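The values are calculated or read from the model by the stated rules, or taken from the named source; none is laboratory data. Since the model is a prediction, treat every value here as computed from it, not as a measurement. Neighbour counts run over all protein chains shown; Cβ positions are idealised from the backbone, glycine included.
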Amino acid sequence: MTNRRRALQSLLALSLAWRLPPAGAAQTAPRALGYLPWWMAAGWKTFPVQKLDRVALFDATIGEDGAVAARDWDTRAPKADSPLDLTLTLFEPAQFDALFSQAPRRARLLAAVSALVARRFVAGIQLDIEGYEEARPAALAGFRRWLAEIDDVRRRHGKSLSAFYPASDLFRPYDRAAAQRIDYWVAQVYDAHWPESKVTGPLVTRNTGNTAAVPRAVARLAALGVAPRSVLLSVPLYGWEWPAESEHPGAATRGRARLLTFAQTPKELMPEDRLAARALARQHGLRRDAEGTPHYAYRDATQWRQGWYEDVQSLTRKLAEEREQGYAGLAFFPLGYDQGEIVEPMLRWWSRSAPPAR
């Protein structure tokens, strides 16, 4: 049995206990979405899935030839009353250009995604197509033609179509017409600093000098005519620890960062990533920057190291303005990294006396 076939059977098992929306039902933005990553799928019983409106399975990768490679998901199905989305990912601008500029490759992708849309375990498709440089005009035109075709397919099946919008001012696959085909959006407001950042700093910021700043992220969607009620804000449950020149925020980094999870993850699910931000901050001393971002610093045998992440205190401060403006909700990535210590308090905070969506 091929990995693809096993993955599809596993996804079917995963969805049997989930309530799927009826065919033709109106699709609205959820208040709470969580990304269930393939490497954590076996631990779903410990995640607060009952608190979420939708769960997005992460991920099925798109190749530049138009093929879709689904993951070999765990076969034990969560017991929850939520639909399941399947996240399709494409992260390299060169692959975007190679795929969408060629009609035969687009046709192959259309056939692959249409087959997924037709299956019962898929309540919706989310497009996580990212790039941080300009795409070729031919590829942009091809993507928009493909999007129109898959939009027609999913509507015939009564499924949702959502999209992750990357924190880039250069990569613009959606124009205003294409944006109207998307039911709801997840705005990337994390990775203001990323593994290869030249300096240390927060994952989420309101500093508009940063391309991932919250005001800039939502402005990109507003420019496409997307209303706040159709936008979820992404919430990172992870962080980064960099080797750095000093202990001070904004210090030059001396290499690629190591992944942090907010809380300790099960060893059987993540045997190689065992750095828990909360525990390291207790060990080395919790610090906060001007925006309230938690971080720590310590010196090992050769150099300084700084770890940065987000917690409820920093996130509620940084996202309060959008909450008051009626944005739809929050999208947590990835489930399983926080032991419920961010997801559940953030959802309670977001719902408490929140204004009606605009």
Inset, instruction - Name the single residue, out of those in segment 173-216 being charged (D, E, K, R) and over 30 Å from ARG305 (Cβ atoms), that is surrounded by the fewest Cβ atoms within 10 Å (Cβ to Cβ). - result: ARG176
Inset, instruction - For segment 125-143, enumerate the residues that are crowded, with 17+ Cβ neighbours inside 10 Å and closer than 11 Å to TYR174 by Cα. - result: ILE129, LEU140, PHE143
Inset, instruction - Return a yes/no flag: does segment 20-39 have any residue that is buried (at least 17 other Cβ atoms within 10 Å of the Cβ), in the same structural domain as GLN339 (by TED's automatic domain parsing) and modelled with pLDDT under 50. - result: yes
Inset, instruction - Sort out which residues of segment 298-336 are free of Cβ contacts under 8 Å to residues at least 60 places away in the same chain and crowded, with 22+ Cβ neighbours inside 10 Å, and write them in order of number. - result: ASP311
Legend entry - Considering residues of segment 40-59 that are buried (at least 24 other Cβ atoms within 10 Å of the Cβ) and of a type in the set (Gly, Ala, Ser) only, the residue nearest to LEU109 (Cα to Cα): ALA56
Inset, instruction - Starting from segment 131-144, keep only residues that are within 18 Å of ARG108 (Cβ to Cβ) and touching a residue at least 24 places away in the same chain (Cβ under 8 Å), then list their pairs with residues that are surrounded by 15 or more Cβ atoms within 10 Å (Cβ to Cβ) and of a type in the set (S, T, N, Q) whose Cβ atoms are within a distance under 7 Å, requiring at least 6 positions of separation or different chains. - result: ALA138/SER101; ALA139/SER101; GLY142/SER101
Legend entry - Residue tally, condition more than 19 Å from GLY292 (Cβ to Cβ) and not hydrophobic (A, V, I, L, M, F, W, C), over segment 201-240: 7
Inset, instruction - Find all pairs meeting these conditions: Cβ atoms under 6 angstrom apart; at least six residues apart or on different chains; first residue within segment 162-176 and in contact (Cβ under 8 Å) with a residue 24 or more places away in the chain and farther than 21 Å from ALA331 by Cα; second residue hydrophobic (A, V, I, L, M, F, W, C) and assigned to a loop (DSSP other than H, G, I, E, B). - result: ARG176/LEU224
